Structure formats: C-alpha cells, structure tokens
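Worksheet for the structure shown next.
The values are calculated or read from the model by the stated rules, or taken from the named source; none is laboratory data. Computed from a predicted structure; not experimentally measured. Here the Cβ positions follow ideal geometry from the backbone for every residue, glycine too, while neighbour counts run over all protein chains shown.
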Amino acid sequence: MKTTLTVTISTIAAISLLLLPACASRKDAPDPIKVKEEIAEYRNEELELIRSTVSDQECADRIIQLLGERDRLVSEHTKEISAYREQMSALNADYNAERDSFNMLMTSYNRQRAAAQKEFVALIAAMKAEMTLEEWKIFSKYQLKKLHPRKLSYGQATGGI
C-alpha cells in the first residue's frame, strides 16, 4: 500500500514538473497589426525575390499573377474556416443540436477544404511550371520560412471553438 502511494505521488510530481515548463513558455497572442505589417513586408520581399531570381521577365510576371491568386485563395479559405468555426460554435452551444447537424456541417466543410487543397496544389504546379528547379528551390525556401499558410491567414480568422 505504501509503495503504491509513493509511486502515485512520484508520478504526479513528475507530470507536474514536466508540464510546468510548458505552461511557463506560453506566449501572449501576437499583435495582429504587427503581424499584418510583417506579412506585407514579406510579400514585398517575395516580389523582389521573384524579380531578382527568375531570369525570364514574362515568367516572373506570370508568377507574380499566380501569387495574387494564392493570396486570393488563402483569403477565401480563411473565410471558410471562420464560417465553419462560427457554425460549429453555434451547434455546440445548442443543447438540442443533433448529431446529424454536426455531421452535415463537417461533411460540407471537408468538401470545401478538399477543393481548396486541390486549388493550392494546382497553383503550386503552375508556379513550378514557370520556374527552373534552381529558381524554385530559392523561392520555396523563402515561402516556407516567411509566408507559410498559417502566417498568411493569421488575424483573418475570428472566433474560436
């Protein structure tokens, strides 16, 4: 009995010690205005990177148009996510909401999400078609570092579940 109690107390203490740094490292939410300014700066840098990296000016212009399409897709998908979150929150708050309502909402959102993913993949393929392998390596490295989708959509989504 004493051994079980000692093991239980030791386990709880160990878990507490492991979780304490996780709580201490939580940061406040970033300032949305600063994030939007940072994204605008990164987008300008991205345009300059395309102009300086892509040797064919016509290809560079087409890529810049594709980047505009990317921004439109990110904005649309962010709005869809926001709408989904609001609808899910409303269903969750409704004590009388039935499982079928949740299933219908999730099915609809999953269709929208899958369609958006296909559009993004097609857009990436179109950008790759305009660039050489070396140009793509430079460009994709910049995008992954500075303009990943989560960062692009930050501050556009509202609410929460």
Practice item. Evaluate the following for S140: is it modelled with pLDDT under 95 and over 26 Å from K36 (Cα atoms)? Key: no
Revision key, fill the gap. Q117 fails exactly one of (1) part of a helix (DSSP H, G or I); (2) surrounded by 14 or more Cβ atoms within 10 Å (Cβ to Cβ); (3) at pLDDT below 95, namely (2)
Practice item. Please name all residue pairs, on different chains or six or more residues apart, with Cβ atoms under 6 Å, provided the first residue is in region 115-131 and is farther than 15 Å from D56 by Cβ and the second residue is of a type in the set (K, R) and part of a helix (DSSP H, G or I). Key: L123/R70
Exercise for review: Determine, yes or no, whether D100 is at pLDDT 95 or above, of a type in the set (D, E, K, R) and over 26 Å from the mean Cα position of the chain (by Cα).
Suggested key: yes
Check your understanding: Can you tell which of N92, N103, N96 is loosely packed, with under 12 Cβ neighbours inside 10 Å and not in a helix (DSSP H, G or I)?
Key -> N96
Practice item. Answer yes or no as to whether E76 is at pLDDT 80 or above, surrounded by fewer than 14 Cβ atoms within 10 Å (Cβ to Cβ), at negative phi and under 22 Å from the mean Cα position of the chain (by Cα). Key: yes
Point to revise | Neighbours by Cβ (under 7 Å, 6+ apart or cross-chain): first from region 54-73, under 15 Å from A122 (Cα atoms); second among the β-branched types (V, I, T) | key: I63/I50; I63/V54
